[in-house]
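The values are calculated or read from the model by the stated rules, or taken from the named source; none is laboratory data. These numbers were taken from a predicted model, which means no experiment stands behind them. When we count neighbours, we look across all protein chains shown, and the Cβ atoms used for this are built from the backbone with ideal geometry, even at glycine.
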Amino acid sequence: MLWVLDLDGVLWLGGEAIPGSADAVGRLRDAGAAVAFVTNNSARTVPQYVEALGRAGVEADAAEIVTSSQAAASLLVAGSRAAYIGDEGVLEALQDRGVEVVAAGDRPDAVVVGRTLSLDFDAMSGAAAAVRTGARFVATNTDATFPTPRGPEPGAGALVAFLEVASGRRAEPAGKPEQPMVDLVRERFGSPGVVVGDRPETDGLFATRLEAPFALVLTGVTRAEDLPVTPEPDLVGADLAAVVAKRLDSGGP
């Protein structure tokens, strides 16, 4: 059986491993479960995610990692031209897809937007202009916030909203819970048995669309005081270790 695990707010916060998360992944694998790491964080490249998981005590293969950058790139045709707002993960996904990366002022076929901490007004203005004049507008995801040890920070959705207002056009979101990510996970892994995440409106709805049980952890965006939430999770745990223990100890894979 496949467990689909979110990363930010589930395995780590701001790159700091959540205690017990690595042991929980190990327990799943010892029980014979397959694991996929599916993230809306578009910043890192796949090799960077493999390295980060290793630092958190989790051995992972590149084939086990799916990012919202990859979901966004899957919407574009090889040989097309795209500009982007984002970090290395977006660039990697576009190049792997065979998309030519160009500047926003070079009449791109599409503009892809992901979260970045390096905000540049001229780049945002150029992206808005490209979208306004007809470029396809693709968002890696529209999460309003991003979990950190200091609390939520603005997510990719904040940048997308800026460009939607500036361009007068709505973005096509690709990451969880949207269909491009659903299709990408099914294509690579088939149907999962459990989806674990910290955000009901993203991970929970993603689980619903994958027709899989949703396990909610309280180490990220959602806290105990936020319950009940919609969609209603099938399982709630203080952290990933608690969710895994509840599932496996009840006889489930």
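Restricting the first residue to the range 226-241 and requiring it to be assigned by TED's automatic domain parsing to the domain that holds Ala215 and under 14 Å from Pro213 (Cα atoms), which pairs with a second residue that is of a type in the set (Lys, Arg) and crowded, with 16+ Cβ neighbours inside 10 Å meet a Cβ separation below 8 Å and a spacing of at least six or different chains? Pairs that qualify, where the first residue is assigned by TED's automatic domain parsing to the domain that holds Ala215 and under 14 Å from Pro213 (Cα atoms) and the partner is of a type in the set (Lys, Arg) and crowded, with 16+ Cβ neighbours inside 10 Å, are Leu235/Arg247. Scanning the range 137-157 for residues being on the phi < 0 side of the Ramachandran plot, free of Cβ contacts under 8 Å to residues at least 40 places away in the same chain and not β-branched (Val, Ile, Thr) gives a total of 5. Which numbered condition trips up Leu205, out of (1) buried (at least 24 other Cβ atoms within 10 Å of the Cβ); (2) free of Cβ contacts under 8 Å to residues at least 40 places away in the same chain? In the conditions (1) buried (at least 24 other Cβ atoms within 10 Å of the Cβ); (2) free of Cβ contacts under 8 Å to residues at least 40 places away in the same chain, Leu205 misses (1) alone. All conditions but one from (1) surrounded by fewer than 20 Cβ atoms within 10 Å (Cβ to Cβ); (2) at positive phi; (3) outside the structural domain of Asp198 (by TED's automatic domain parsing) apply to Gly14; the one that does not is (3). Set side by side, the residues Gly134, Gly114 differ, and just one is of a type outside the set (S, T, N, Q) and closer than 22 Å to Gln70 by Cα, which is Gly114.
Considering only the range 185-202, state which residues are within 19 Å of Met1 (Cβ to Cβ) and touching a residue at least 24 places away in the same chain (Cβ under 8 Å).
Val185, Arg186, Arg188, Phe189, Gly190, Ser191, Pro192, Gly193, Val194, Val195, Val196, Gly197
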